[in-house]
């Protein structure tokens, strides 16, 4: 028997694994295990909590006296927090053991990121229903979408465990840009809601984040002390 | 020979206690090598350059102004702290996250001691990086010739704040061993620092001074730009803040030693005492900040104040000449000496030979009245022979001006001439009598500032007590035009005869020739 023989089913074996039902069950099991190992249930709870926090901030008019940076501060911090939660879910404590499950890993990564981004936007939009979010839902979509992209990109560069560092750094840069009245489209929260340049930059960053997280996955450090440890 | 006699001599084993420091050092070395903090430092360095250093270069090259954003408003702490808290939470949650808690609890060393080694390694990396990054920033400032002395006490506050962030983040991670502990600690830390900075805007005194990103105090209070130039940075408030942040750090570390698995009863008792001591220290610091008073040199906390810090900094002035009159400045203002001599020369030339003309001009430390009536006029006369005293710390110097629209050299020259003429006629902190306003206008006209431009100049000059923008018309300007139209000899003769009465406010515009 050679190694090549291992890839061929044994003569006379029952092709049960090839049935559609078994494949569907196996696929569902793979997806469920993938989501559970990435702590997606906890992420969903946190995203719901952030949506509730946004609702409370807008409903009870939590505000900070000051300029544009202060008015946007609480909504932007909550949006960056949601982006950080999505980025951190890409982390796998044992690397990506799903590699052994075939060629579905990029689709698992992409589906999880897209689904979580959608759920997070839904939670934040529900929170924004209390009214009074600066720039409205359009600005929320742009700001949060772009920051989710930054979170995914930082997960690719730094590792899933430190994916939160990207949205955190971007939040600091945005807050400084608002204080100094900088208006580059790459800092899209400083731009008006209907600004095309800001929207294009946010979309580009989100697309880059989704593509890279799907194709490359989060960084895995070879060293135990690496950022992804 | 018996077997007993043949047995090798047994040396007494070293006391176990002597091995403790060695093994602790070894453990710390291992934790330093395996720490995650170094991996996040390049990102922090880039952020510090972009967010703390870059905006500061728009301020005047004086340490009180150049470091207002990154030290006074604590921007370096905001840029550093959340990341340190996040990484510390990651390190604190390490054993719990990997399900190793039971395993490491069974080791010889108490669990709490091993946790403290992990925290110490994280804090050492963070504080060392903070000191190196800030040191590089100050070295760049020194290379740029920034005047004065750096606010080292505020650097110490920043380093202590980084320590406190690491301790608080570590405690969060130790109690919540989850991948989400790091972002929660980071965003929580950011929220706390940002709120602290904004509370500072609305609470310039009282307990809120304890907040590490509250710029009120030596940066935004009475001292402003002259701290570190004419008098030392007062350490009272930084000491209170260091106490507060140390208290938070100690309490957070104490909390990590409270669970049953942390160690024996004595160790947990010590952790409880440490927690209470930290809370007491932080509370004491808040109480001390509540007693803070604003002095001419910054914030004074009576319990912490050392009178030795009130001694002014000695210096050798740098001097030039304007219309033959010596003009001397603090060396920190050396770069503006040509601007000031050029600005003062026309007005000094106008009053040359008059009895009240200054024999010399000197810079003095800026001082605010304690009555809260706003800043005084930056240029005053005093002494015999008269000396022109300039409180340049109250002015925006020409060139970069941070978040304000800094004056150009021409605008600065106009401001200096206006303030000189205002002081020369004896108007003091008020707009002056109509006759004083008229003579002031005539002197400015003679110094090259047309009547039509003077209302705009008064409006531009910060805190100037004169009228706002408007046309240069009315009885005041009519009298000024009459005086300005006289030949210089006649004008000087009239001023020589009437200067005392003019300064006393006894003249009216009709008394002018």
Per the Kirkwood formula over distinct C-alpha pairs, the hydrodynamic radius of region B:89-132 in angstrom is 11.4 Å
At R0 = 30 Å the Cβ-Cβ FRET efficiency linking residue B:296 and residue B:463, nearest 0.05, sits at 0.95
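Taking every eigenvalue of the Cα gyration tensor of chain B, multiplying by 5 and rooting it, what semi-axes result, largest first, whole Å?
Calculated on Cα positions only, the semi-axes equal 64, 21, 19 Å.
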Using the basic label-point model (7 angstrom from Cα toward the beta carbon), what is the residue B:104 to residue B:143 distance in nanometres? 4.1 nm
Before anything else, pin down the relative contact order of chain B: Cα pairs under 8 Å, at least 6 apart, normalised by residue count, whole percent. 12 percent
Radius of gyration and Dmax over the Cα atoms of the protein assembly as shown, both given in Å: 33.8, 131
What do you get for the angle between helix B:16-33 and the principal long axis of chain B? Use alpha-carbon atoms, 0 to 90 degrees, nearest ten. 60 degrees
Going by average Cβ neighbours within 10 Å, how do the peptides B:312-324, B:78-90, A:87-99, A:149-161 rank, with the highest at the top? B:78-90, A:149-161, A:87-99, B:312-324
Before anything else, pin down the relative contact order of region A:13-215: Cα pairs under 8 Å, at least 6 apart, normalised by residue count, whole percent. 26 percent
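So what's the projected area for region B:42-177, the Cα convex hull averaged over all directions, in nm²?
That works out to 8.5 nm².
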Could you calculate the FRET efficiency of residue A:23 with residue B:34 from 1/(1 + (r/R0)^6), where r is the beta carbon distance between them and R0 is 51 Å, rounded to 0.05? 0.75
Footprinting proxy, B:462, B:294: sorted fewest to most Cβ within 10 Å, the residues are B:462, B:294
Peptide A:166-175: average number of partner chain Cβ atoms within 10 Å per residue? 5
Run through every distinct alpha carbon pair of region A:13-215 and return the Kirkwood hydrodynamic radius in angstroms, one decimal place. 17.7 Å
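Taking 1 over the mean of 1/r across every pair of different Cα atoms in region B:278-373, what Kirkwood radius in Å do you get?
Evaluated on region B:278-373, it is 17.1 Å.
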Could you work out the relative contact order of region B:233-325? I mean the mean sequence separation of Cα pairs under 8 Å and 6+ apart, divided by the number of residues, in percent. 34 percent
Hey, got the average number of other protein chain Cβ atoms within 10 angstrom for residues in B:41-47? 3
Per-residue Cβ contact counts at 10 Å, fewest first, order B:201, B:68 as B:201, B:68
Test of understanding: ordering B:306, B:95, B:236, B:511 by Cβ neighbours within 10 Å, fewest first, what list do you get? B:306, B:511, B:95, B:236
Using a 10 Å cut-off around each Cβ of peptide B:186-195, what is the average number of partner chain Cβ atoms that fall inside? 5
Between residue B:46 and residue B:319, take the C-beta separation as r, use R0 = 45 Å, and let me know the FRET efficiency to the nearest 0.05. 0.55
Cα axis of helix B:236-256 to longest principal axis of chain B: angle in degrees, 0 to 90, nearest 10? 20 degrees
Helix axis angle, B:434-446 relative to chain B longest principal axis, alpha carbon, degrees: 90 degrees
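Read-outs throughout are calculated quantities, based only on the coordinates presented, and are distinct from any laboratory measurement. Just so you know, these numbers come straight off a predicted model, no measurement behind them. Because the Cβ atoms are built from the backbone with ideal geometry, glycine has one as well, and the counts that use them run over all protein chains shown.
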